[in-house]
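J.: Quick one: this structure, given as structure tokens, is what I'll be asking you about.
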Amino acid sequence: MDEFEEIVSSCTPRETGPVADTYQNTVGLACPSCEEPFDDLVVVKEFTRLNLSELMDVCATVHDGNPVLFTHRK
Ligand SMILES: [Zn+2]
């Protein structure tokens, strides 16, 4: 299991859809990019249709060719 899979398996699945899968960080995991705890992990499957409804800080990485976002709400 790599680091990404460990993070996903520790988060709570919240929403699965054609555009993105969202997992909620209910256990206070640190973001692998900035090492601050993140709120949600979003695996983006169709990036052009993604519409983030809230203004938030986002750290981005790529896993298996899909953009993965770690959101930080203020
Ligand atoms: Zn971050």
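J.: Which pairs have Cβ atoms under 6 Å, sit 6 or more apart or on different chains, and link a residue in the stretch 53-68 that is surrounded by 14 or more Cβ atoms within 10 Å (Cβ to Cβ) and modelled with pLDDT of 90 or more to one that is of a type outside the set (V, I, T) and part of a loop (DSSP other than H, G, I, E, B)?
T.: Correct list of pairs: C59/C31; C59/S33; C59/C34.
For (1) open to solvent by less than 50 Å² (accessible area, probe 1.4 Å); (2) touching a Ser or Thr at 6+ places or on another chain (Cβ under 6 Å); (3) more than 16 Å from the ligand (Cβ to nearest atom); (4) at pLDDT 90 or above, each residue gets a yes or a no:
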| residue | (1), (2), (3), (4) |
| --- | --- |
| D2 | no, no, yes, no |
| N25 | yes, no, no, yes |
| C34 | no, no, no, yes |
| P37 | no, no, no, yes |
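J.: Sticking with this one: How about the stretch 11-50: which of its residues are farther than 15 Å from P67 by Cβ and part of a strand (DSSP E or B)?
T.: Within the stretch 11-50, T12, P13, R14, E15, T16, Q24, A30, P37 qualify.
The values are calculated or read from the model by the stated rules, or taken from the named source; none is laboratory data. Bear in mind that the values here come from a model prediction, so they are computed numbers and not experimental data. FYI the Cβ positions are ideal-geometry reconstructions off the backbone, even for glycines, and counts take in every protein chain you see. Quick note on the areas: whole protein, heavy atoms, side chains included, nothing else; ligands and nucleic acids left out. Shrake-Rupley method; radii C 1.70, N 1.55, O 1.52, S 1.80 Å.
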